[in-house]
Amino acid sequence: VPEHVWRINLDVPEEAQQNLSFGAADRWWEQTDLTKLILASNKLQSLSEDVQLLPALTMLDVHDNQLTSLPSALGQLENLQKLDVSHNKLRSLPEELLQLPHLRSLLVQHNELSQLPEGLGQLLTLEELDVSNNQLTAIPTSFALLVNLVRLNLACNQLRELPADLSAMKSLRQLDCTKNYLETVPSKLATMASLEQLYLRKNKLRSLPEFPSCKLLKELHAGENQIETLNAENLKQLSSLCVLELRDNKIKAVPEEITVLQKLERLDLANNDISRLPYTLGNLPQLKFLALEGNPLRTIRRDLLQKGTQELLKYLRSKIQDDGPGPNEEPPVTAMTLPSQSKVNIHAITTLKLLEYSDKQAAEIPAAVFDAVGTNPVATVNFSKNQLREIPTRLVELKDSVCDVSLGFNKISSISSELCLLHKLTHLDLRNNVLTALPEEMEALKRLHTINLAFNRFKVFPSVLYHLPALETILLSNNQVGSIDPVQLKGMDKLGTLDLQNNDLLQVPPELGNCENLRSLLLEGNPFRTPRAAVLAKGTAAVLEYLRSRIP
């Protein structure tokens, strides 16, 4: 650090040596003392004791240098409120630091500290303390005195336990203990009344801690542990919880009581051992994100998991209303029930307007299924996961009410005219069939806004799609489409999502960049050379901009 930086308050500026007439702005004798000094991202190996010549400093930032120690003179900066010494090579902190009466923020993350000064609790004004990414094996007991601390980050150390005295931190709102070796959390922590965010990811916890007094806890992150059970009692206390993240554990069951978490917005249970879910999960009013992939779920089909949270919740709610067996009973299997006779869910038809005959491996839909509809209006038809070779002709009976038809995972090779008469259709799912073309009569489907044709055998982009004005989403991934017409696509004002991943596009026409309504354009897995993968990775807006720049 240049010498004159330390002496900036003391030395008379050069102008003063010359006999000049001073304007108001240059009146050096009225200058105030330096309050902020930022020396970050340099190559400093040491700081001079001369730092004491800057007693008015409120902020000193020396992060990202090569400091191995700090000068004891820091203790004399009695106005210091923020000290950032993170990303250095510090092995210890000077005891003199503990004399700073107004220090509010102390950042020492990413150093080589194996211990903290025992008297750290003397820094009573401290509100933020970050000691993450060091080599700490223990926390000084004096921490309990830091009653004004709001944020404490202990992540990425070698802590095997937390002192129960942490519970005295009455102001603490955020506690991060990610990536340590914690096997338990002291039960006294449950009395931390202000705690809002608790991070316990990547530890060795076997059960979720109890939090009876943490009435304000909004986020609990405990993924990548060894948690096996969720105790219903523990959940009942977390009435304010918005985020519960428990991915990559060994949880086997989710208790019905999870529905007491009425404010839950995000629930992440991915990669556990859950085989059943309480259907009541569908009733959580605020839930916007539910992750369940990587579980051996028996009651939920994999394709449903991929449809996203809202579809999943809709399905769970429909199961609550079903008069089928409860979530913990297998349906009785008798020699009498042949697939063709399997019960049509009348209840679903009348209350949910849903006609479902899926996952039966049936070559045709039994007449009894259509007969059961009677005069009831049906909005949703699900005949997916069968062995159908053609569109059931009796679908046309539902033309005045049906708007969502799912025929995915069958062996349908062509679309019959019956389907083209369903004039109210908005959603059509034909994924995983053997279609090679769509008939021009589909132009009649003026309300269609989502069509899923993924995993079929299209070699050309079906031209009839260009003439469906309401289309918002076209999913055509995993086909053999070789080209697209950008001029016709531009005419599709509503089109927001176009998925052409894993096709045979040898080139992407630059004019596609003019389709500025596209919010999601997916082109990965095609043999074209440009745009390159790096451009694709930047997202749709960047790809469209790149394409526009290439228009001759």
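Here are the numbers for this structure:
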item	result
Residue-averaged 222 nm ellipticity for the chain, from DSSP H runs of 4+ at -39500 (n - 2.57), nearest 500	-2500 deg cm²/dmol
Across 353/385; 399/494; 360/459; 170/288; 319/494; 314/385, pairs whose alpha-carbon gap is larger than 26 Å	360/459; 170/288; 319/494
Angle between the chain longest axis and helix 309-321 axis [Cα atoms, degrees, rounded to 10]	60 degrees
Qualifying chymotrypsin sites (Phe, Trp or Tyr not before Pro) for region 428-506 [loop in DSSP, other Cβ within 10 Å: at most 10]	none
Partner aspartates and glutamates for residue 36 [C-alpha distance under 16 Å; skip if fewer than 8 residues away on the same chain]	50, 61, 78, 84
Carbon plus sulfur fraction of accessible area for the chain, probe 1.4 Å, in percent	48 percent
In Hz, Karplus ³J(HN,Hα) per residue of region 268-276 (6.51, -1.76, 1.60; θ = phi - 60°; x = Gly, Pro)	10, 10, 4, 6, 10, 10, 6, 9, 9
Computed lengthening from residue 368 to residue 231, 0.36 nm per intervening residue step minus Cα-Cα distance	44.8 nm
Partner lysines for residue 204 [C-alpha distance under 18 Å; skip if fewer than 8 residues away on the same chain]	179, 250, 252
Rounded accessible area of residue 436 (nearest 10 Å², 1.4 Å probe)	80 Å²
DSSP beta bridge pairing in region 346-549, given as percent antiparallel to the nearest 5	0 percent
Answer label for Cα extents along the principal axes in Å (calculated), chosen among (i) 108, 61, 43; (ii) 106, 59, 50; (iii) 99, 65, 38	(iii)
Proximal lysines to residue 89, defined as alpha-carbon separation beneath 17 angstrom and excluding residues fewer than eight positions away on the same chain	43
Sites residue 306 and residue 1 - FRET efficiency at Förster radius 45 Å, r taken between beta-carbons, to 0.05	0.20
In degrees, nearest ten, helix 540-549 long axis to first principal axis of the chain (Cα)	90 degrees
Trypsin sites (Lys or Arg not before Pro) restricted to DSSP loop in region 394-454 with at most 16 other C-beta within 10 Å	399, 411, 424, 446, 447
Estimated vicinal HN-Hα couplings, Hz - region 234-249 in sequence order (Karplus 6.51, -1.76, 1.60; Gly, Pro = x)	4, 5, 4, 7, 9, 5, 9, 4, 9, 10, 10, 10, 10, 5, 6, 10
1.4 Å probe accessible area per residue over the chain, in Å²	49 Å²
³J(HN,Hα) computed for each position of region 250-267 - Karplus, 6.51 cos²θ - 1.76 cosθ + 1.60, integer Hz, glycine/proline x	10, 5, 9, 8, 10, x, 3, 5, 4, 6, 6, 7, 5, 9, 4, 10, 10, 10
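The values are calculated or read from the model by the stated rules, or taken from the named source; none is laboratory data. Bear in mind the structure is a predicted one, so any value in this text is a computation, not a measurement. Note that each Cβ is placed from the backbone with ideal geometry, even for glycine, and that neighbours are counted across all protein chains shown. Remember, those area values only see protein heavy atoms, side chains included, never the ligands or the DNA or RNA. Shrake-Rupley method; radii C 1.70, N 1.55, O 1.52, S 1.80 Å.
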